[in-house]
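All remarks here apply to the structure that follows.
The values are calculated or read from the model by the stated rules, or taken from the named source; none is laboratory data. Here the structure is a predicted model, which means the values were calculated and not measured. All Cβ positions, even for glycine, are placed from backbone atoms using ideal geometry, and neighbour counts span all protein chains on display.
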Amino acid sequence: MKYDIAIIGAGVSGASIARKLSQYNLKTILIEKEADVSFGTSKANSGIVHAGFHTSWKYLKSRLEIQGNLMFDGLQRELGFPFRRCGIIVAAFSEEELKHVQELYRQGVENGVIGIEICSRERILDIEPKLNPDVIGGLHAPNGGIIEPYRFVFSLVESALKNGVELFLNFKVEKAVRSRGTWMISSDDGQIVEADYVINAAGLYADSISAIFNAELFKIIPRKGEEYLLDRMSPAYPNKVIFPVPSGKSKGTLIIPTVEGTMMVGPTAEEVEDKEDTSTSTEQLNRIFDFSRRIIPSISERDIITSFAGLRPALESGDFYIDVSQKAENFIQVAGIQSPGLTAAPAIGDYVKDLLKKLDCSLIEKKNWDPFIDKVPRMRNLSHYESEKIVKENPQYGNIICRCEKVSEAEIVEAVKRGHSTLDGVKFFTRTGMGRCQGGFCTYKTIKIIMRETGLSYNQVTKRGRNSKVLMRKLGGDS
Amino acid sequence: MKEYIFDCVVIGGGAAGMAAALEVEKSGFDTAIVEREEHLGGILLQCIHNGFGLHEFKEELTGPEYAERFAERVQASSVKVFLESTVMELSESGEAAGMHELHCYSSVYGVFLLKARSVILSMGCRERNRGNIGIPGSRPSGIMTAGLAQRLVNIDGYIPGEQIVIIGSGDIGLIMARRMTWAGCKVHAVIEIQPYPSGITRNIVQCLEDFDIPLYLSHVVSEIRGKDRIESIRVTPLKNGIQDEENSFEIKCDTLLLSVGLVPENELSRKAGIELSPQINGPLVDSFLMTNKKGIFACGNVLHVHDLVDYVSRESRSAGSNVVKYLNSTLTGVQNKVKAGANVRYVVPQKFNFQGDNQFYMRSMIVKNGAKVEVRAGNIIIKTVNHNHVQPSEMISISIKKEELEKISGIPDQQLEISII
């Protein structure tokens, strides 16, 4: 198949770019090596829309962060993903930390962060009463927020697909040849995609993709972040995202109220070699909890539901690298998209669109571009009367599959219809299995619905694609 | 919205719910059971092994058989059963004092409202999972709770894996060790963090020893390895409570089953404002098994996790008969406190009364041969019962007759304290 544009990587960057380009008369393909979109770095992060005070505007990542932040309200209206501007605070516990907070404040003012304020002890305890009373002051940025990162990516991709973008899953790029003015891209299992322009949004693997296309040589350094998810009943659930005063490379371990009502502590920051090393460790668990308890004393290991780790695809420079390749023809690099990549993503879409102009790509707006996608009703958000109405229309909404997160059969069916046919894909779309029982009661029901809706047999249902099978054989043989 | 009015609504149609509902219905009260699954019976339906009913029926039954006996009685009774229906909210009626409202969702009945003067909580319990015990390592496929595996094998007929390791020596884990072996899988080990098994002795013998499955006491799984599917685990012995890394070893496996404890399922209760015990996670109840909300009772594993279903049935009948008295306005009596004393982790119920016999259930914190359970009120010993052996995994029950409390009945504000010595 011949396309105008091929985007490699369906994480938040690739998805944002795909949706942006869906506004134009272009034939675009989004290529992903995993079984679903958002299955890499974009699924395992803190889910924060950053405020824009952490880095100087001299960095590209900071400029895109500030621009991206402003775009979320409009996107939410169009796409309906869970997002809330709950605000961000930085809590200071010593005079020295307070000095650092003042620097962050000055940087925020310079960057144009809307509403940023320095807080006295009384003020900060007023807006966040869960804080350790030893706090002596801090920073408040009301424009920061929280988001479900995978739902954001899912909705971007859904919108792009609705507007004509195509998606190839399980397509691992192995080879690329430039011939007669187009790129011939082959997968490890022999599929071929042809495209005039290629955008490298391959996250952790952006360095290998760049090498495959004979473009710039650079190295992505995976920086691991472990996070712990706490029960929605935790007494520590805060009003705001709470940052410590940063020290060193990372912004430090945060305390995050998730937009769906659970809470999270993390991430750590540890450089690793292996790009698939998403293991968690007891040392980091202890470190995170010891650290977090100094900020909110009611945080407890007893409330842990689950843990996970994500890998930030960092470059040596610490900045994003988004530019037209100087070496490979019609090739755009979108690399080093670590934090605040999620916040910056909508702006990255616009930025890459403008880079295509530099390459003389013809960008003509579609007349019938539709920014909206159909919203799936979520039983946990409906009143009893709204539920009654919808169950009357479709009884599957009355069949509650996931008791912890109140997910109905109909929502799971919608997830599968939208192409999320692995257990993790269904989980990220619906939240089934994400609550306190972690799938103990709903997994077998979800498997059956996936089998029924897709026609997959029991041994084809996976946790997240490839060899992550859930059921090995049938009792008494397959007959 | 469709509305139905009952004298009593029972949430959950497992062993506890069925026994309680039958007891209430027997006295002529309009009773309903709301059950989320397609059948009555709850978790018993996946427990196809035997060992149920020795107290209740004086014979050995399988789980489904035990459930069937009660389900048949329910079907023969006037108890209205709403199957495939989930209670989404339990609240007090805004219109009539003493009435409770239950909003239920169902693909069969739609969204409907039940109103009742009394409610019995019998939602059972859930399994603790990997996150609750913080096992480090990667997050591949092939890790699940033993109960989920039991469901998949015994009801759906699927084998989740071939090379099995089980964490935790809880009863479900032990039963599953045997079950997976019978299904042709290799069970390599059962790993237990405590120096003693968490399951009952009968299961250790019949499920592990009979099949030569090694049980590693005082060992932990210190790492899970594998990318797509679990490939191996690292097991580390504990020496004085500290991981002895030097002596850790690896076991290859493709499946890891977790049997690391059960927790009463009380999200609904908590949202309804019912006070819970921080130790047990079940509702705090008085001697009539009534919660702090008037007219709401609790029984079975939602109250505290039992070892034997026979005890669940007995406790639930008692809850049911108290509901009858409540509905007849004859449930009266001063409630005095019961305290867990030395070596006792908890006592249920947390109150007693002088009007009738009192039945207490408790768990020991220690392993001991030749132990005594002692009930005292201040300096007065009410009762002492000898036990050949006590351990945390075996629930202890003790009943105190009305007459036995007579010697302290004159003293106001008298407290009982139950200890194991």
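From the list A:Ile147, A:Ile136, A:Ile124, which one is of a type in the set (Val, Ile, Thr), over 30 Å from A:Leu79 (Cβ atoms) and touching a residue at least 40 places away in the same chain (Cβ under 8 Å)? Full working, then the answer.
Details: A:Ile147 fails: over 30 Å from A:Leu79 (Cβ atoms); A:Ile124 fails: touching a residue at least 40 places away in the same chain (Cβ under 8 Å).
Checking each option against the conditions leaves just A:Ile136.
Cβ-Cβ distances below 7 Å connect the following pairs, each with a first residue in segment B:1-12 that is within 13 Å of B:Val111 (Cβ to Cβ), a second residue that is among the charged types (D, E, K, R), and a separation of six or more residues or different chains: B:Met1/A:Glu388; B:Glu3/B:Lys115.
Please return the ranges of helices (runs of 4 or more DSSP H) entirely within segment A:56-147 where 1 or more residues are crowded, with 18+ Cβ neighbours inside 10 Å and assigned by TED's automatic domain parsing to the domain that holds A:Thr258. Please lay out each step first, then the result.
Numbers: elements: A:60-79, A:95-111, A:121-127.
The helices (runs of 4 or more DSSP H) meeting that bar are A:95-111, A:121-127.
Filtering A:Lys219, A:Lys224 for residues that are closer than 28 Å to A:Arg466 by Cβ, in contact with an Asp or Glu (Cβ under 8 Å, 6 or more places away or on another chain) and not in a strand (DSSP E or B) leaves a single hit, A:Lys219.
For segment B:288-301, check the following and say yes or no: at least one residue is of a type in the set (Ser, Thr, Tyr), within 14 Å of chain A (Cβ to nearest Cβ), buried (at least 21 other Cβ atoms within 10 Å of the Cβ) and assigned to a loop (DSSP other than H, G, I, E, B).
Narrowing segment B:288-301 to residues of a type in the set (Ser, Thr, Tyr): B:291.
Next, only the ones that are within 14 Å of chain A (Cβ to nearest Cβ) stay: none.
No, every residue in segment B:288-301 fails to be of a type in the set (Ser, Thr, Tyr), within 14 Å of chain A (Cβ to nearest Cβ), buried (at least 21 other Cβ atoms within 10 Å of the Cβ) and assigned to a loop (DSSP other than H, G, I, E, B).
Checking each residue of segment B:149-167 against the condition of being touching a residue at least 24 places away in the same chain (Cβ under 8 Å), of a type in the set (D, E, K, R) and more than 7 Å from every other protein chain (Cβ to nearest Cβ) gives no match. Against the numbered list (1) at pLDDT 95 or above; (2) buried (at least 23 other Cβ atoms within 10 Å of the Cβ), A:Gln284 comes up short only at (1). Out of B:Glu95, B:Glu68, B:Glu89, one residue alone is assigned to a loop (DSSP other than H, G, I, E, B) and either closer than 23 Å to A:Glu411 by Cβ or away from chain A (no Cβ under 14 Å) (or both). It is B:Glu95. Within segment B:289-304, residues that are in contact (Cβ under 8 Å) with a residue 60 or more places away in the chain and not assigned by TED's automatic domain parsing to the domain that holds B:Arg363 reach partners that are in a helix (DSSP H, G or I) and among the charged types (D, E, K, R) with beta carbons closer than 6 Å, at six or more positions or on different chains, in the pairs B:Cys299/B:Glu315. Inside segment A:445-464, residues that are at the interface with chain B (Cβ under 8 Å from one of its Cβ atoms) and part of a loop (DSSP other than H, G, I, E, B) make up a count of 2.
Name the single residue that is farthest from B:Arg151 (Cα to Cα) among those in segment A:465-475 being within 7 Å of chain B (Cβ to nearest Cβ) and in a loop (DSSP other than H, G, I, E, B). Per the criteria, the residue is A:Arg466. Considering (1) among the basic types (Lys, Arg); (2) surrounded by fewer than 18 Cβ atoms within 10 Å (Cβ to Cβ); (3) under 24 Å from A:Ile256 (Cβ atoms), say which one A:Lys175 fails and leave the rest. A:Lys175 satisfies all of (1) among the basic types (Lys, Arg); (2) surrounded by fewer than 18 Cβ atoms within 10 Å (Cβ to Cβ); (3) under 24 Å from A:Ile256 (Cβ atoms) except (3). Every listed requirement among (1) crowded, with 24+ Cβ neighbours inside 10 Å; (2) in a strand (DSSP E or B); (3) not aliphatic (A, V, I, L, M) is met by B:Glu250 save one, (1). Evaluating A:Ser56 against the criteria (1) in contact (Cβ under 8 Å) with a residue 60 or more places away in the chain; (2) touching a helix residue (DSSP H, G or I) at 6+ places or on another chain (Cβ under 7 Å) leaves one unmet condition, (1).
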